[in-house]
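Quick notes on the structure that follows.
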């Protein structure tokens, strides 16, 4: 099996952290991709350590600027207003349920349509030529059907029984294709 042409793959071990952006190889990738100093970025699941200029997290105890449902927050952003989007939602339905059950969002965030709708909105708010950096346990990213081209993947194994964190970096090449 061969890698897609033009896609750069890296793999770097690091200790796990609930705060994704503090993991050294991920922090390094964010710096290289300009998330700390390259334009205006949005983060709908920001938590406490996001470098984005516009941040949101449903949990009011986080450092995020806004504390709304991520989908509603994304819908309230202007079309093509951001140079980049950091997309670091809970990685599984179990995590989403645990994280958001105290906020009355369990049924909403454990519905696959919710996550697809969030990705549609992420694609809408990102400028042409902009970047989306996705984090999770899969490499799906935002995808070609939403007008994005994958050009970088970082696998971060954490050892033991921890799943790898998979980071995809995509560039918006067009409007929605399908």
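Coordinate-derived values only; no laboratory data. Just so we're clear, the structure is a prediction, and the values are computed from it rather than from any experiment. A quick note on method: Cβ atoms are made from the backbone with ideal geometry, for glycine too, and the neighbour counts reach across all protein chains shown.
The mean sequence distance of close C-alpha pairs (under 8 Å, at least 6 residues apart), as a share of the length of the chain, puts its relative contact order at 22 percent.
Look at 165, 62, 79 and count the other Cβ atoms within 10 Å of each Cβ; fewest to most, that gives 79, 62, 165.
For the stretch 95-169, just say rounded, prolate or oblate: build the C-alpha gyration tensor, square-root its eigenvalues into a ≥ b ≥ c, call rounded for a/c under 1.5, and beyond that prolate if a/b exceeds b/c, oblate if not. All intermediate terms of the calculation are to be shown ahead of the outcome.
On the way: a/c = 2.65, a/b = 1.13, b/c = 2.34.
Note, shape of the stretch 95-169 comes out oblate.
Report summary: the helix-based calculation at 222 nm, which adds -39500 (n - 2.57) for every DSSP H run with n ≥ 4 and divides by the residues of the chain, gives -6000 deg cm²/dmol. Annotation for residue 13 and residue 103: the two label points, set 7 Å from Cα along the Cα-Cβ direction, are 3.5 nm apart.
Sort 15, 68 so the one with the fewest other Cβ atoms within 10 Å of its own Cβ comes first. Write out the running numbers ahead of the final one.
Numbers: 15 11, 68 15.
So the ranking, lowest neighbour count to highest, is 15, 68.
Spacing of the modelled spin labels on residue 67 and residue 53, each 7 Å from Cα toward Cβ, amounts to 2.5 nm.
In this simple spin-label model, placing a label point 7 Å from the Cα along the Cα-to-Cβ direction at both residue 117 and residue 139 gives a separation of 3.0 nm. Between the stretch 43-77 and the stretch 115-161, how many Å separate their Cα centres? Each part's Cα centre sits 17 Å from the other's.
For the stretch 8-172, the average shadow cast by the Cα convex hull is 8.7 nm², which is a quarter of the hull's surface. Sorting 124, 11 by the number of Cβ atoms found within 10 Å of their own Cβ, with the fewest placed first, yields 11, 124.
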